[in-house]
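Undergrad: Sending over a structure as structure tokens; questions will come in a sec.
The values are calculated or read from the model by the stated rules, or taken from the named source; none is laboratory data. Nothing here was measured: the structure is a model prediction, and the numbers come from that model. Neighbour counts run over all protein chains shown; Cβ positions are idealised from the backbone, glycine included. The accessibility values were calculated without ligands, DNA or RNA, using every heavy atom of the protein model including side chains. Shrake-Rupley method; radii C 1.70, N 1.55, O 1.52, S 1.80 Å.
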Amino acid sequence: MEEQNRVRTIQNVTLVGSAVNLLLTVGKIVAGVVGKSSAMLADGVHSLSDLITDIIVLVFVRISGKKRDKNHRYGHGKYETFATMLISFALLFVGIGILWTGARKIVASFHGVVIEQPGYIALYAALISIVSKEGLYWYTKIIGSRVNSRAVVANAWHHRSDAFSSVGTALGISGAILLGEKWRVLDPIAGVIVSFFILKVAWDIAHPSIRELLEEALPDETEEVISGIIRTTPGVKDFHEVRTRKIGDIIAIEAHVKVDKTLTVVESHHIATAIEKSIRAKFGRQTHIGIHIEPYNERAPEDPNATGTLDIQ
């Protein structure tokens with residue numbers, strides 16, 4: 001039930017963003033055409049990319065919220081990670097597109113090409129976009145942090161990237177309108193500057209998702225907390241082979257734990273269960289844990305020929 005509430009919350013915040021993005025996309029494109037502003041048209045395309053990423057989040061988060069099945073023993077959390085990576089790639093392509101378009105206009109202006117002056121309707125559309133997208137960023141980010149969804153937080157940053165883009169658009173349009181013909185180049189210059197911010201956000205979002213999909217271990221400080229829990233559990237003589245990874249918004253942990261070889265299977269199971277309870281109390285009840293119990297041998301603790309091991313899941 002808790003997971004269903006989480007998915008429902010994610011869907012609701014994404015639907016709100018979709019509605020805003022749809023209105024902004026239509027409004028910006030109309031303002032760009034009527035106001036003869038290529039910058040506003042580009043900004044409208046940016047809003048369209050936000051709408052597309054909203055759809056991606058809705059589809060993939062619904063899938064990631066499904067329960068484990070015979071084909072997905074660790075759940076469907078990777079789908080949310082994949083969605084986050086797709087969002088980052090969308091941001092990357094948008095950033096490159098804005099950079100390329102702005103650079104071409106700057107070069108063209110240096111060769112005597114006159115950049116067309118935009119109308120005030122384009123400036124008003126940019127200002128409305130800044131306010132609405134910044135508000136949508138904070139709303140989405142707060143909800144994403146509360147439900148621990150990196151896809152939603154990534155989408156929040158996509159909203160802010162649109163706000164950044166609109167800031168650059170507003171500066172360029174206002175400069176082109178108020179400062180005269182020779183200053184119309186401010187529009188593409190501002191766009192190029194904003195594109196670097198967008199590319200930075202794209203990388204910040206993509207990096208952790210790529211690390212997770214490549215099965216990188218959790219940070220050292222997190223693994224130290226896990227090791228501390230195992231080490232201080234009564235009955236644990238030693239442990240090794242601690243392996244960790246992320247699966248969406250949950251973590252998976254495997255460890256080999258050594259106990260007194262004279263203990264019964266039931267007693268060994270109790271130790272493994274105590275470790276699992278402590279770890280889940282720290283990292284959440286959805287945490288995947290695999291404890292491999294081994295007999296502790298003082299003379300040859302690392303004897304590869306030792307027998308009598310038992311897996312407790």
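Undergrad: Taking S195 as the residue in question, decide whether it is of a type in the set (S, T, Y), modelled with pLDDT under 80 and at negative phi.
TA: When the stated conditions are applied, S195 passes them.
Undergrad: Can F110 be described as surrounded by fewer than 15 Cβ atoms within 10 Å (Cβ to Cβ) and over 28 Å from the mean Cα position of the chain (by Cα)?
TA: Yes: the conditions hold for F110.
Undergrad: May I ask you to list the residues in the stretch 214-230 that are assigned to a helix (DSSP H, G or I), of a type in the set (G, A, S) and surrounded by 13 or more Cβ atoms within 10 Å (Cβ to Cβ)?
TA: S227
Undergrad: Can you list residue pairs whose Cβ atoms sit under 7 Å apart, with the first residue in the stretch 23-52 being touching a residue at least 12 places away in the same chain (Cβ under 8 Å) and over 23 Å from A83 (Cα atoms) and the second being open to solvent by less than 80 Å² (accessible area, probe 1.4 Å) and among the acidic types (D, E)? Count only pairs 6 or more apart in sequence or on different chains.
TA: As it stands, the answer is K28/D43; A39/D187, since those pairs meet every condition given.
Undergrad: Also, quick follow-up: Residue under question is A151, and the condition is that it be in contact (Cβ under 8 Å) with a residue 60 or more places away in the chain and farther than 30 Å from R8 by Cα; does it hold?
TA: The answer is no for A151.
Undergrad: Would you check if there is a residue in the stretch 47-66 being acidic (D, E) and modelled with pLDDT under 70?
TA: No; the residues of the stretch 47-66 include none that is acidic (D, E) and modelled with pLDDT under 70.
Undergrad: Against the definition (modelled with pLDDT of 85 or more and surrounded by 19 or more Cβ atoms within 10 Å (Cβ to Cβ)), how does S174 come out, yes or no?
TA: Values: modelled with pLDDT of 85 or more: yes; surrounded by 19 or more Cβ atoms within 10 Å (Cβ to Cβ): yes.
When the stated conditions are applied, S174 passes them.
Undergrad: Going residue by residue through the stretch 192-205, is there one that turns out to be free of Cβ contacts under 8 Å to residues at least 24 places away in the same chain and touching a helix residue (DSSP H, G or I) at 6+ places or on another chain (Cβ under 8 Å)?
TA: no
Undergrad: Right, something else. Could you grab the pairs with beta carbons closer than 6 Å, sequence gap of 6+ or different chains, first residue in the stretch 109-120 and assigned to a helix (DSSP H, G or I), second one surrounded by 11 or more Cβ atoms within 10 Å (Cβ to Cβ)?
TA: From residues that are assigned to a helix (DSSP H, G or I), the pairs are S109/I115; S109/V185.
Undergrad: Looking at this structure, is G95 small (G, A, S) and under 23 Å from G27 (Cα atoms)? Can you show your working first?
TA: Numbers: small (G, A, S): yes; under 23 Å from G27 (Cα atoms): yes.
Yes, satisfied.
Undergrad: Residues in the stretch 231-250: is at least one under 15 Å from I291 (Cβ atoms), assigned to a helix (DSSP H, G or I) and out of contact with any Leu (no Cβ under 6 Å at 6 or more places or on another chain)?
TA: Looking through the stretch 231-250, at least one residue is under 15 Å from I291 (Cβ atoms), assigned to a helix (DSSP H, G or I) and out of contact with any Leu (no Cβ under 6 Å at 6 or more places or on another chain).
Undergrad: Give the stretch 137-171 a look and list any residue that's buried (at least 24 other Cβ atoms within 10 Å of the Cβ) and at pLDDT 90 or above, or say none.
TA: Within the stretch 137-171, T140 is the sole residue that qualifies.
Undergrad: When you go through (1) open to solvent by 40 Å² or more (accessible area, probe 1.4 Å); (2) more than 15 Å from A83 (Cα to Cα) one by one for R211, which number turns out not to apply?
TA: It fails just one condition, (2).
Undergrad: Something else about it: For residues that are modelled with pLDDT of 65 or more, over 18 Å from T140 (Cα atoms) and in a helix (DSSP H, G or I), tally how many sit in the stretch 67-85.
TA: 3
Undergrad: Being of a type outside the set (S, T, N, Q), open to solvent by less than 70 Å² (accessible area, probe 1.4 Å) and at pLDDT 90 or above, is that true of even one residue in the stretch 296-310?
TA: For the stretch 296-310, residues of a type outside the set (S, T, N, Q), open to solvent by less than 70 Å² (accessible area, probe 1.4 Å) and at pLDDT 90 or above: absent.
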